[in-house]
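Asks: One structure, as structure tokens, below. Some questions next.
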Amino acid sequence: MERRRLETAGSSSAAAGPLPLDDAELALAGINMLLNNGFRESDQLFKKYRNNSPLMSFGASFVSFLNAMMTFEDEKMQLACDDLKSTEKLCESSEAGVIETIRNKIKKNVDMQRPTAFDVDRLQRQIIIADCQVYLAVLSFVKQELSAYIKGGWILRKAWKIYNKCYTEIDALQLMHKKRSRESLTSDRANDNHIPAMSLHEESLSRLKGAVSFGYGLFHLCISMVPPNLLKIINLLGFPGDRLQGLSSLMYASESKDMKAPLATLALLWYHTVVRPFFALDGTDAQAGLREAKEILQTKEAIYPDSSLFLFFKGRIQRLECKINSALMSFQTALELAVDQREIQHVCLYEIGWCTMIEMNFKDAYKSFARLKNESRWSQCYYAYLTAVCQGATGETDKSQEAFVEVQRLFKRKNNQIEQFSFRKFFQLAVKDELSRQNNAYIQPYACYELGCLLLENPEMLDKGKALLYQAKEEFAGYDFENRLHVRIHTALASLKEGVPQ
């Protein structure tokens, strides 16, 4: 009933009029609508009320940003930039700055006061400005030009300073509010009065803490995964990188009532089901993080029953659990539900392609990769290669059939792990293969890494394993996914120092 009312509110082209809900509630409802495949309805809702409050203006700009990132069309990317700058200008043009200057002068000789509606509005605008700057930086990075990278990095630095300042201030205001509430509670009990309910400002501060925790947590989490060779430079620019702080902040944001709570939930699912296995942050434990991801999905299932994004992450969990048939059903359903969401369709097609390859169903895998090769703006060479592999696998020549039967035999699983004997043999051959090094530069460093990790499991081969990891790190450069491998090597070596088994 509520969604129908919001859809009706968003579809009208007449003057917006008063908000049907509090702007924070309406913004959260709009984001939830978007994640439940209501992209157009959400867009209409935010556009209709974008001039009613900074939050609704930011919601409209965020949807515009998503639209640009899903299409990468120049016109939509420029529109997103204009919308974000418009929202940023709206927040900066407030008279709050003048009032704040006067108020700060008065506060010099006065004890800290209770948080007011002024504090909430000022902090809300600052957080929105930082959010806009982050998305503008992302749009700048997409241009893949040196000047754009420099500009984007500078914008991110400004955003981080705002996040850090707001996070610290909100934390202090919450502590002050709790202290005063305890004092008031003690006084009320002494006078036999009723216990006071949660104040409006306490609720607002809690929501604001969720709002700032999204950006604050993403900064910490993403920078904690930066390759070691870039980390020193980034630290010099003043960026932090505490993974636990990042996860804690995102969890807080996901449980808040702010409009970015659903986005924080998606960020956590992305980390647990994509980032952790991709960068091997848990060594060879490919299923690490699945328990946390399952708990998140179970908690949010009632809110997002038909969300293509949540179904995608469900499929990721099933794939990592080797439940290939179930994963295929989830990815296929997500693909069908992702109407007008081309990038979501592409990630689903990619997963479908790999799942069907695992089942040795190369005909269907070919269909998925061929579509990606024709539609995707990214990694077309990669998809062309996968398409060629699938074509060869479905060919009629005896050699193609024999080759893939041999691949299947060599990579036969035993107790959900590939037999190590087939690995310590083939990785060694790959390390010595100079012809492959010339044509596929990534093969040797990755082979060194994989062989090194296997040797680390044997105490007698520990030194040789470490030597191979350092060899992979120091002797090779300029190959595909180089930064990804450096992160994996760094994690493997760090786990040895901490006494964590691979």
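The values are calculated or read from the model by the stated rules, or taken from the named source; none is laboratory data. Since the model is a prediction, treat every value here as computed from it, not as a measurement. Cβ sites come from the backbone with ideal geometry, for glycine too, and all protein chains shown count toward neighbours. Calculation scope for accessible area: heavy atoms of the full protein, side chains included, ligands and nucleic acids excluded. Shrake-Rupley method; radii C 1.70, N 1.55, O 1.52, S 1.80 Å.
Asks: Is segment 109-118 home to any residue that is among the aliphatic types (A, V, I, L, M), in a helix (DSSP H, G or I), modelled with pLDDT under 95 and open to solvent by less than 40 Å² (accessible area, probe 1.4 Å)? Spell out how you get there, then give the answer.
Replies: Initially, segment 109-118 is screened for residues among the aliphatic types (A, V, I, L, M), giving 110, 112, 117.
Within this subset, residues satisfying the condition of being in a helix (DSSP H, G or I) are 117.
With the extra rule that they be modelled with pLDDT under 95, the set shrinks to 117.
Still in the list and also open to solvent by less than 40 Å² (accessible area, probe 1.4 Å): none.
Within segment 109-118 (the criterion being among the aliphatic types (A, V, I, L, M), in a helix (DSSP H, G or I), modelled with pLDDT under 95 and open to solvent by less than 40 Å² (accessible area, probe 1.4 Å)), the answer is no, since none of the residues qualifies.
Asks: Counting only residues that are among the aromatic types (Phe, Trp, Tyr) and part of a helix (DSSP H, G or I), which one in segment 264-283 is surrounded by the most Cβ atoms within 10 Å (Cβ to Cβ)? If you could, list the steps in order and put the result at the bottom.
Replies: Keep residues of segment 264-283 that are among the aromatic types (Phe, Trp, Tyr), which gives 270-271, 278-279.
Retained after the next criterion (residues that are part of a helix (DSSP H, G or I)): 270-271, 278.
On the way: 270: 17, 271: 22, 278: 13.
That would be 271.
Asks: Follow-up. Please list, ordered by first then second residue, the pairs with beta carbon atoms under 7 Å, 6 or more apart or interchain, first in segment 79-93 and in contact (Cβ under 8 Å) with a residue 60 or more places away in the chain, second open to solvent by 80 Å² or more (accessible area, probe 1.4 Å) and in a helix (DSSP H, G or I).
Replies: Hits for this filter: zero, empty list.
Every residue, every condition in (1) crowded, with 16+ Cβ neighbours inside 10 Å; (2) outside any helix (DSSP H, G or I); (3) polar (S, T, N, Q); (4) modelled with pLDDT under 95, yes or no:
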position: 52; (1), (2), (3), (4): no, yes, yes, yes
position: 59; (1), (2), (3), (4): yes, no, no, no
position: 75; (1), (2), (3), (4): no, no, no, yes
position: 84; (1), (2), (3), (4): yes, no, no, no
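Asks: Next question, about the same structure. Which ones in segment 284-309 are over 20 Å from residue 333 (Cβ atoms), open to solvent by 20 Å² or more (accessible area, probe 1.4 Å) and either aliphatic (A, V, I, L, M) or touching a residue at least 60 places away in the same chain (Cβ under 8 Å) (or both)?
Replies: Selection gives 284, 286.
Asks: Same structure, new question: So is residue 431 surrounded by fewer than 16 Cβ atoms within 10 Å (Cβ to Cβ) and either modelled with pLDDT of 70 or more or of a type in the set (Val, Ile, Thr) (or both) or not? It would help to see each step written out before you state the result.
Replies: On the way: surrounded by fewer than 16 Cβ atoms within 10 Å (Cβ to Cβ): no; either modelled with pLDDT of 70 or more or of a type in the set (Val, Ile, Thr) (or both): yes.
The answer is no for residue 431.
Asks: Given (1) within 30 Å of residue 68 (Cα to Cα); (2) modelled with pLDDT under 90, where does residue 350 come up short, assuming only one miss?
Replies: Evaluating residue 350 over (1) within 30 Å of residue 68 (Cα to Cα); (2) modelled with pLDDT under 90 leaves (2) as the failure.
Asks: Can we say residue 396 is at pLDDT below 85 and within 29 Å of residue 73 (Cβ to Cβ)?
Replies: Working: at pLDDT below 85: yes; within 29 Å of residue 73 (Cβ to Cβ): no.
No.
Asks: Out of segment 471-497, which residues are part of a loop (DSSP other than H, G, I, E, B) and more than 20 Å from the chain's Cα centre (by Cα)?
Replies: Result: 475, 476, 477, 478, 479, 480.
Asks: Can you find even one residue in segment 339-346 that is touching an Asp or Glu at 6+ places or on another chain (Cβ under 9 Å) and open to solvent by 60 Å² or more (accessible area, probe 1.4 Å)?
Replies: If we filter segment 339-346 for residues that are touching an Asp or Glu at 6+ places or on another chain (Cβ under 9 Å), which is where we start, we get 342, 345-346.
Next, from what is left, pick out any that are open to solvent by 60 Å² or more (accessible area, probe 1.4 Å): 342.
Yes, because at least one residue in segment 339-346 is touching an Asp or Glu at 6+ places or on another chain (Cβ under 9 Å) and open to solvent by 60 Å² or more (accessible area, probe 1.4 Å).
Asks: While we're on this one: For segment 315-331, check the following and say yes or no: at least one residue is under 24 Å from residue 250 (Cβ atoms), at pLDDT 95 or above and open to solvent by 60 Å² or more (accessible area, probe 1.4 Å).
Replies: no
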